[in-house]
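Structure, as structure tokens:
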Amino acid sequence: MCGIVAAAARREVSEILLEGLRRLEYRGYDSAGMALVDNEHNLQLHKQQGKVCELEKAQAMRPLLGCTGIAHTRWATHGEPSAVNAHPHISGQRLALVHNGIIENHAALREQLIAQGYEFTSATDTEVVVHLLHSFLLQGNPLLAAMQETVCLLEGAYALAVVDIEHPDEVVAARKGSPLVVGVGIGENFLASDQLALRQVTDRFIFLEEGDVVQISPSSLQIFDESGNPVERARTMISAAVEVADLGGFDHYMLKEIHEQPRALAATFAQSAALPAADDCFGAGAAAVFDRVRAVQIVACGTSFHAGMVARYWLEELAGIPCQVEVASEFRYRKRVTRPDTLLVTISQSGETADTLAALRNAGADEFIASLVISNVDNSSLVRDSDLVFLTRAGMEIGVASTKAFTTQLVGLLLLTLALGRRGAMTEQKQQEVMVALQGLPDYVQQTLELDSAIERLSGAFIPRHHALFLGRGIQYPIAMEGALKLKEISYIHAEAYPAGELKHGPLALVDDDMPVVAVAPSDDLLEKLKSNLEEVRSRGGELYVFADRQAGFVSEARVHVLPMPHCPEVIKPIVYTVALQLLSYHVALQKGTDVDKPRNLAKSVTVE
Ligand code: M6R
């Protein structure tokens, strides 16, 4: 998490840095800061607690000027969100540094630096880096060499950028485990955590590799690899006009993104038809890999993990392929036994999630036959490190709560199920049914979006509540999990999901007239089982909110509120029902007055462990 922007130019850069931070705020928004080297080679600094708008206010009150600068938006790891802990951090009144990542050996380094006479002003892990750099500068090293010496002593993950009043035209930066991209300008150069931050100033980018150190000035750009050798890295053109982040008339990005789903789902599915062979949407060589796959291991975090949980039902039931699903933070550290001929599938909207990336990178050399990532961001670290890639066509997702990324991931996973099923257990007729269902999906989602007012009416009952239970059975259980995650993430109501059959093994004790129970209850093979579980809830005074199609046969009555869902093909029900639960959380959060797009304590891209 945390977003970095830096510039070395021949013009004032404060507005470029601020605009970059606005675009990076999805990476963290508890404090922000900026340091510029002015024309007299003085260091100018603003640090503010709160969102980037607080930094803008500080800049409006006391404008900082300068052509070389660094800026940062923070998601706190070490040290509470405060102006003191905000970046940049300073050393010797000459150096300012910003950091994204975690320095794991900060405590030992801090002790050494204190012994050398350095005084610490913050509670961050980052401050050790700026003092270390300073100590190497005092030994007579130029800024670049000081950075190269410093990173050798760091354990953990970092993207770093530093300015020094003794090197007033330069920014020096380094990355390992956290992303950093160079924006190549004409007579100016830039750095950022994400190329999105720099689309305003350039369309040419260099994605730095692990261990790279880079020095930029207005007229030069030099990259050195981990061993200190100068290297050339590929330049990538990205059209500046690709996407604009605006609300398009909606009150929040989350609502806009929920409503974009019919288009995003259609665009994601269309890829399978646009290419000569169906497997081509997974990348070159996919067909040969899929021919060998006998099992699938899915690894992901958060909402993307829920997509993996849904896919397990599809892969096993439809394609006959054994499938394991695990959260990346556990998978990465576990001693595993992997079946022969297993395909590793990672799922990540951002393509930068630290745990998922580490899971991919730590996979044993011969453990998997290949890796496939399902991601929404081309050129992301997971995309660059995987053998095969399926890109969801959700478009930029800005709301921290993942919506259209999740449903488009499910389309990608259903296409993977088809690709593997075609080679094994899936009949021609079943394949055809799934294709027809996918074609119709945008319409069913549109019909669900039209239930917005009814869902809004239902949402009022959740406002005074502190807890909620979400129930589902079979493939709807992960959808209940996703519904609960969405509600807690943006409304701060504690919500838990259970497979409904588990209720009687403990959670039923929680049910009383103060506990709303949401049931994901389409007509399917497990409906009668689910109905029995819901009766158990009712007879204990629980109030039910049931999302069900007419065929399921639920009727609204006292303490039972039925939201009539469209009747759609079985295979796409998890996607369609998700959309209704997204709207439920949105309306609850809206009425509770929380920050829907930037919920407290969270960030969009989780690039720390
Ligand atoms: O970018 P990723 O899909 O890897 O992110 C994983 C999770 O951090 C993410 O899905 C998170 O759970 C969402 N904010 C939930 O809405």
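Of all residues in segment 147-180, which are touching a strand residue (DSSP E or B) at 6+ places or on another chain (Cβ under 9 Å), surrounded by fewer than 24 Cβ atoms within 10 Å (Cβ to Cβ), among the hydrophobic types (A, V, I, L, M, F, W, C) and modelled with pLDDT of 95 or more?
Listed by number, the residues that qualify are Val151, Leu154, Ile165.
For segment 17-108, list the strands (runs of 3 or more DSSP E) that sit wholly inside it and hold at least 2 residues that are over 25 Å from Val596 (Cα atoms), among the β-branched types (Val, Ile, Thr) and touching a residue at least 60 places away in the same chain (Cβ under 8 Å); which are they?
68-74, 95-103
Let's see how each residue does on (1) among the charged types (D, E, K, R); (2) free of Cβ contacts under 8 Å to residues at least 24 places away in the same chain; (3) assigned to a loop (DSSP other than H, G, I, E, B):
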{"residue": "Val182", "(1), (2), (3)": "no, no, no"}
{"residue": "Ile186", "(1), (2), (3)": "no, yes, yes"}
{"residue": "Phe190", "(1), (2), (3)": "no, no, no"}
{"residue": "Leu196", "(1), (2), (3)": "no, no, no"}
{"residue": "Val201", "(1), (2), (3)": "no, no, yes"}
{"residue": "Ile206", "(1), (2), (3)": "no, no, no"}
{"residue": "Gly211", "(1), (2), (3)": "no, no, yes"}
{"residue": "Gln215", "(1), (2), (3)": "no, no, no"}
{"residue": "Ser219", "(1), (2), (3)": "no, no, yes"}
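Kindly indicate which of Leu360, Leu343 is more than 16 Å from the ligand (Cβ to nearest atom), open to solvent by less than 40 Å² (accessible area, probe 1.4 Å) and among the aliphatic types (A, V, I, L, M).
Numbers: Leu360 fails: more than 16 Å from the ligand (Cβ to nearest atom).
Within the list Leu360, Leu343, the selection yields Leu343.
Specify which of the listed residues (Gln112, Gln116, Gln139) is within 25 Å of Ile223 (Cα to Cα), open to solvent by 40 Å² or more (accessible area, probe 1.4 Å) and without any contact (Cβ under 8 Å) to a residue 40 or more places away in the chain.
So the residue among Gln112, Gln116, Gln139 that is within 25 Å of Ile223 (Cα to Cα), open to solvent by 40 Å² or more (accessible area, probe 1.4 Å) and without any contact (Cβ under 8 Å) to a residue 40 or more places away in the chain is Gln139.
Considering only segment 236-257, I want to know if a residue exists there that is among the hydrophobic types (A, V, I, L, M, F, W, C), under 22 Å from the mean Cα position of the chain (by Cα) and assigned to a helix (DSSP H, G or I).
The answer is yes, given that some residue of segment 236-257 is among the hydrophobic types (A, V, I, L, M, F, W, C), under 22 Å from the mean Cα position of the chain (by Cα) and assigned to a helix (DSSP H, G or I).
What number of residues within segment 453-482 are part of a helix (DSSP H, G or I) and open to solvent by less than 40 Å² (accessible area, probe 1.4 Å)?
Here the count works out to 13.
Looking at segment 396-408, I want the residues that are of a type in the set (Phe, Trp, Tyr) and have a partner that is within 11 Å of the ligand (Cβ to nearest atom) with Cβ atoms under 6 Å, at least 6 apart or on another chain. Which pairs are those?
Filtered contacts from segment 396-408: Phe406/Thr303; Phe406/Ala307.
Taking Ala278 and the conditions (1) more than 29 Å from Val596 (Cβ to Cβ); (2) open to solvent by 60 Å² or more (accessible area, probe 1.4 Å), which numbered condition does it fall short on, given that it satisfies the others?
Condition not satisfied by Ala278: (2).
Taking segment 373-385 only, how many residues are of a type in the set (S, T, N, Q), more than 12 Å from Leu413 (Cα to Cα) and crowded, with 24+ Cβ neighbours inside 10 Å?
Final tally of qualifying residues: 3.
Taking the condition of being within 16 Å of the ligand (Cβ to nearest atom), part of a helix (DSSP H, G or I) and free of Cβ contacts under 8 Å to residues at least 60 places away in the same chain, how many residues in segment 267-324 meet it?
Within segment 267-324, residues that are within 16 Å of the ligand (Cβ to nearest atom), part of a helix (DSSP H, G or I) and free of Cβ contacts under 8 Å to residues at least 60 places away in the same chain number 1.
The values are calculated or read from the model by the stated rules, or taken from the named source; none is laboratory data. In this text, all values refer to a predicted model and were calculated from it rather than measured experimentally. Every residue, glycine among them, receives a Cβ derived from its backbone with ideal geometry; neighbour counts consider all protein chains shown. Just the protein is used for accessible areas: all its heavy atoms, side chains included, with ligands, DNA and RNA removed. Shrake-Rupley method; radii C 1.70, N 1.55, O 1.52, S 1.80 Å.
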